[in-house]
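No value in this document is a laboratory result; all are computed from the given coordinates. All figures in this text were calculated on a predicted structure; none of them were measured in a lab. Cβ placement follows ideal geometry from the backbone for every residue including glycine, while neighbour counts extend to all protein chains displayed.
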Amino acid sequence: MTDRLASRYGLRVGRCGLGAVSYLIAGGALLAAARSSSPVAAAVLIAAATGMTMFTLGAAWATVIEVGRNQVGVVGATMNSLGNLAAMLNPLIVAYSVQWFGSWDVPLYLMGIFFLVGAACWLMVDPERPVFDESQAPSSLVRSAATLADP
């Protein structure tokens, strides 16, 4: 989907637009789940939110390739590590917010807001601008460091 959108409308829409819309829908679904009086409706909304977050994976990794260019490994590892950190903290945030506020609605509101912030962040990404200055190639940095290490 992201490649089709990118080839038809450009990288901005294909990568960032898809990510922003997916996170916007996920955030809205979680906020709606928090307000739902029906457990079945809440479960369906949470499942829809989860599905929408998975929908962004192609856009996220394609954006890593676009902005990482020759340093795609570093950019991909950074994104993956930060995602893993968030995944590690999520159960703690949920557990403590339920304990402190005595309600399962609070974590749904928090996660919904996080996804809405994530949607706004997607809009600030420029998939055509590399994150590293291509003139400062790491291979030359490695050679410089190796030269310093040799006696």
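The longest stretch of the chain left intact once loop-based chymotrypsin sites (Phe, Trp or Tyr not before Pro) with at most 16 other Cβ atoms within 10 Å are removed from consideration, loops following DSSP, is 1-103.
Per residue, the average separation of C-alpha pairs within less than 8 Å and at least 6 apart gives the chain a relative contact order of 34 percent. Extents of the chain, largest first, come to 69, 43, 19 Å (Cα atoms, principal axes, whole angstrom). In terms of other Cβ atoms within 10 Å, 46, 113 run from fewest to most in the order 113, 46. Applying the Karplus relation 6.51 cos²θ - 1.76 cosθ + 1.60 with θ = phi - 60° to region 90-103 yields 3J(HN,Hα) values of 3, x, 5, 4, 5, 4, 5, 5, 5, 5, 6, 9, x, 8 Hz, where x marks Gly and Pro. Using the Karplus relation 6.51 cos²θ - 1.76 cosθ + 1.60 with θ = phi - 60°, the per-residue 3J(HN,Hα) values for region 39-44 come to x, 5, 4, 4, 5, 5 Hz, with x marking Gly and Pro.
Give the residue from 109, 78, 99 lying farthest towards the positive end of the charge dipole for region 2-127; charges sit on Cβ (+1 for Lys and Arg, -1 for Asp and Glu) and the dipole is referred to the Cα centre. So the residue we want is 78. Placing +1 on the Cβ of every Lys and Arg and -1 on the Cβ of every Asp and Glu, with no other charges, gives region 2-127 a dipole of roughly 220 debye about its Cα centre. Among 25, 1, 38, which residue has its Cα furthest toward the positive end of the charge dipole of the chain, with +1 on Lys/Arg Cβ and -1 on Asp/Glu Cβ? Ranked along the dipole, the leading option is 38.
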